[in-house]
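The values are calculated or read from the model by the stated rules, or taken from the named source; none is laboratory data. No experiment lies behind these values; they were computed from the predicted model shown. With ideal geometry, Cβ positions are generated from the backbone for all residues, glycine too; neighbour counts draw on all protein chains shown. Note: areas computed on protein heavy atoms with side chains; ligands, DNA, RNA excluded. Shrake-Rupley method; radii C 1.70, N 1.55, O 1.52, S 1.80 Å.
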Amino acid sequence: MVEANNTTVTLQVHRFTPRPERAERARGGSPFAKKSSPFGDGSDSAARRRPRGKQWVQEYTIPARPSDTVLDCLLTIKRTIDPTLAFRYSCGHGMCGSDAAAINGTPTLLCTATVRDWAKQPSTAPEVDDEGFRRTGDETANEPDVPAENVENNIPEGSLGVIELASLPGFPPQRDLIADIDPMLNQIRKLTPYLQADGVLATTAEGKVDVFEYLQNPEQLAKYETLSNCIACGVCEGACPVYAGGDAFVGPAALIWASRFINDSRDTKAMDRMDAIDTADGVAGCQSVRACSRHCPRGIDVGEEMWQIVAKVRER
Ligand code: SF4
Ligand code: FES
């Protein structure tokens, strides 16, 4: 069915422009800070966590259909209204994980979220009464129903509603809707996210690696197959109230990657991997809040997997 295209949506975008780096930092940091600072190695990780810059909310109203994705809307804005708006994407259909952001406060992917699902209608109750007082939630609840004509007046004709956008929570913003997810990727890297199997690589007469294979039965594959779908988007980390930057807890994404190889019958480093996450900021950091499970775009029940890996580490 072809949808009519006389409707609009309003995007409220939390924008951020970092303060320009000073010349000496661009050259590799202050020589004084590197030699004498007692607070680390001169890296600017602390600054990355709390970037300074200009923050503001910008509103864009554009033509949109209910089936459009939020990414479609952002591309329309970028191409026709404001080329300075910054956001990140690659595949456009939920496979690469590069476009995670907060939509109406919820971490999710821009390319799979539709206007139909996320546009909110503006409040139908007037915010200020006849005498100029702002109404509280309780007063509003006791009010008689707002007449239909008032409701119509509050919602612009043809508007599908409002969508609020911000960069992924739990990570420092880099610019507008782009978050710096390096902390998560570094945590994943530390846990050696690749297969470590026994076996000698055979080579051909020309010195090239010969084909070889490790056989698995379906039951062995089923133990990690879902986990191997993780695209490191960071949605679970953005939803986790304990992660918050990764200093005190490596975060659910890193533990999912560790668990993926611990459960792989071909991997020979399961004990080493469990040692690596059996720390205060590893499995012990998980508080079983399970907020991580709610919006995984790859269908991983992250909270349940956390529970399983915690039990496995403790029982070994
Ligand atoms: S577990 Fe799911 S939400 Fe978390 S990083 Fe992987 S794909 Fe994203
Ligand atoms: S753009 Fe690749 S997952 Fe959204």
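What number of residues within the range 90-106 satisfy the criterion of being away from ligand 1 (no atom under 15 Å from the Cβ) and touching a Cys at 6+ places or on another chain (Cβ under 8 Å)?
Count: 1.
Could you please give the count of residues in the range 242-282 that are part of a loop (DSSP other than H, G, I, E, B) and hydrophobic (A, V, I, L, M, F, W, C)? Show your work before the answer.
Step one: filter the range 242-282 for residues part of a loop (DSSP other than H, G, I, E, B), giving 242-251, 263-269, 278-282.
With hydrophobic (A, V, I, L, M, F, W, C) added as a condition, the list becomes 242, 244, 248-250, 280.
Result for the range 242-282: 6.
Yes or no, residue by residue, for (1) among the basic types (Lys, Arg); (2) open to solvent by less than 30 Å² (accessible area, probe 1.4 Å); (3) away from ligand 2 (no atom under 12 Å from the Cβ); (4) in a helix (DSSP H, G or I):
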{"residue": "Asp82", "(1), (2), (3), (4)": "no, yes, yes, no"}
{"residue": "Leu85", "(1), (2), (3), (4)": "no, yes, yes, no"}
{"residue": "Arg88", "(1), (2), (3), (4)": "yes, no, no, no"}
{"residue": "Cys91", "(1), (2), (3), (4)": "no, no, no, no"}
{"residue": "Met95", "(1), (2), (3), (4)": "no, no, no, no"}
{"residue": "Ser98", "(1), (2), (3), (4)": "no, yes, no, no"}
{"residue": "Ala102", "(1), (2), (3), (4)": "no, yes, yes, no"}
{"residue": "Thr112", "(1), (2), (3), (4)": "no, no, no, no"}
{"residue": "Pro122", "(1), (2), (3), (4)": "no, no, yes, no"}
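Go through (1) surrounded by fewer than 18 Cβ atoms within 10 Å (Cβ to Cβ); (2) within 13 Å of ligand 1 (Cβ to nearest atom); (3) of a type outside the set (Phe, Trp, Tyr); (4) at positive phi one by one and return the number of the condition Asp301 breaks.
With respect to (1) surrounded by fewer than 18 Cβ atoms within 10 Å (Cβ to Cβ); (2) within 13 Å of ligand 1 (Cβ to nearest atom); (3) of a type outside the set (Phe, Trp, Tyr); (4) at positive phi, Asp301 is out only on (4).
Within the range 196-240, track down each residue that is on the phi > 0 side of the Ramachandran plot and within 16 Å of ligand 2 (Cβ to nearest atom). Let's see the steps before the verdict.
To start, the set of residues in the range 196-240 that are on the phi > 0 side of the Ramachandran plot comprises 199, 207, 232, 234.
Those that are on the phi > 0 side of the Ramachandran plot and within 16 Å of ligand 2 (Cβ to nearest atom): Ala232, Gly234.
Only residues that are without any contact (Cβ under 8 Å) to a residue 24 or more places away in the chain and either surrounded by fewer than 15 Cβ atoms within 10 Å (Cβ to Cβ) or closer than 21 Å to Leu185 by Cβ (or both): list them for the range 244-278, please. Step through it out loud before you land on a result.
Initial filter on the range 244-278 (without any contact (Cβ under 8 Å) to a residue 24 or more places away in the chain): 270, 272, 275.
Correct list: Asp272, Asp275.
For the range 202-241, which positions are of a type in the set (Asp, Glu), part of a loop (DSSP other than H, G, I, E, B) and under 33 Å from the mean Cα position of the chain (by Cα)?
Looking only at the range 202-241, we keep the residues that are of a type in the set (Asp, Glu), and these are 206, 210, 213, 219, 225, 237.
Now narrow it down to the ones that are part of a loop (DSSP other than H, G, I, E, B): 206, 210, 213, 225.
Within the range 202-241, just Glu225 meets the criteria.
Please determine, by comparing only the residues of the range 161-201 that are in a helix (DSSP H, G or I) and over 30 Å from Lys54 (Cβ atoms), which one is least open to solvent (accessible area, probe 1.4 Å).
Here is the first cut: in the range 161-201, the ones in a helix (DSSP H, G or I) are 182-190.
Now drop any that are not over 30 Å from Lys54 (Cβ atoms), which leaves 188-190.
Working: Ile188: 11, Arg189: 142, Lys190: 150 Å².
Checked the range 161-201; the qualifying residue least open to solvent (accessible area, probe 1.4 Å) is Ile188.
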